[in-house]
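Novice: Below is a structure I'd like to ask you about.
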Amino acid sequence: MDTAVMAANVEAQLNGAWAESDESCKNAFVVKGGKWDFREPRDMFGSSYIISGRRYEGPFGVCNLTSIKPKGDKLLLSLSCHNSIGYSDQVTPIHLTSSTEMVVFSMDDMAINYKKCGR
């Protein structure tokens, strides 16, 4: 599959709100005007994200997706991030296990399972 086509398919699949469980979805998000938003006050220790196209928003900052590259059974997401403190570029490995589940790996290869939140 062409890398550009693969990236577009992955972007479409990732769109939505993601958290570690259905309960986490209820606690982290609300729907406002038909779109996902964080419930205020935001849980700064929670692990939840809203992905919209190339924009990845977490409870403590925003990242813009710059590229997606396959590597084995993982996808490497290159992200350019910022928050109130500063800017950073990072590469985040993920593995899509289904259309509503993914595993996100940290730099030390720790894995966190995420579910796409339903409305």
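Every number here is computed from the coordinates shown, using simple stated rules; none is lab data. Computed from a predicted model, the values in this text were never measured in an experiment. When we count neighbours, we look across all protein chains shown, and the Cβ atoms used for this are built from the backbone with ideal geometry, even at glycine.
Novice: Using Cα pairs closer than 8 Å and at least 6 residues apart in sequence, work out the relative contact order for the chain, in percent.
Specialist: Contact order relative to length: 21 percent.
Novice: Let me ask something else about it. Would you mind estimating how fast the chain diffuses translationally, via Stokes-Einstein at 4 °C and 1.567 mPa s with the Kirkwood radius over Cα pairs, in µm²/s?
Specialist: Rounded, D is 88 µm²/s.
Novice: With the crude spin-label approximation of a point 7 Å out along Cα→Cβ, what separation in nm comes out for Ile85 versus Arg42?
Specialist: 1.3
Novice: So which chymotrypsin sites (Phe, Trp or Tyr not before Pro) in the range 9-110 end up in coil per DSSP with only 10 or fewer other C-beta atoms within 10 Å?
Specialist: Answer by residue number: Phe45.
Novice: By counting other Cβ atoms within 10 Å of each Cβ, how are Leu76, Leu14, Leu65 ranked from fewest to most?
Specialist: Neighbour counts put them in this order, fewest first: Leu76, Leu65, Leu14.
Novice: I've got another one for you. Stretch Ser67-Lys26 to full length: gain in nm at 0.36 nm per residue minus the Cα-Cα span?
Specialist: Using 0.36 nm per residue and subtracting the Cα-Cα distance, I get 11.7 nm.
Novice: Using 0.36 nm per residue of separation minus the Cα-Cα distance, give me the extension gain between Ala8 and Ser78 in nm, one decimal.
Specialist: Stretched out fully, the Ala8 to Ser78 stretch lengthens by 23.8 nm.
Novice: Would you mind checking the tilt of helix 3-14 against the longest principal axis of the Cα atoms of the chain, expressed as 0 to 90 degrees and rounded to 10?
Specialist: It is inclined by approximately 20 degrees.
Novice: Do the sum for the chain: with -39,500 (n - 2.57) for every DSSP H run of n ≥ 4, divided by all residues, what is the mean residue ellipticity at 222 nm, to the nearest 500 deg cm²/dmol?
Specialist: Numbers: 2 runs with 19 residues, N = 119.
Helix contribution divided over all residues of the chain: -4500 deg cm²/dmol.
Novice: Test of understanding: what is the full-extension gain from Thr97 to Ala111, defined as 0.36 nm times their sequence separation minus their Cα-Cα distance?
Specialist: 3.8 nm
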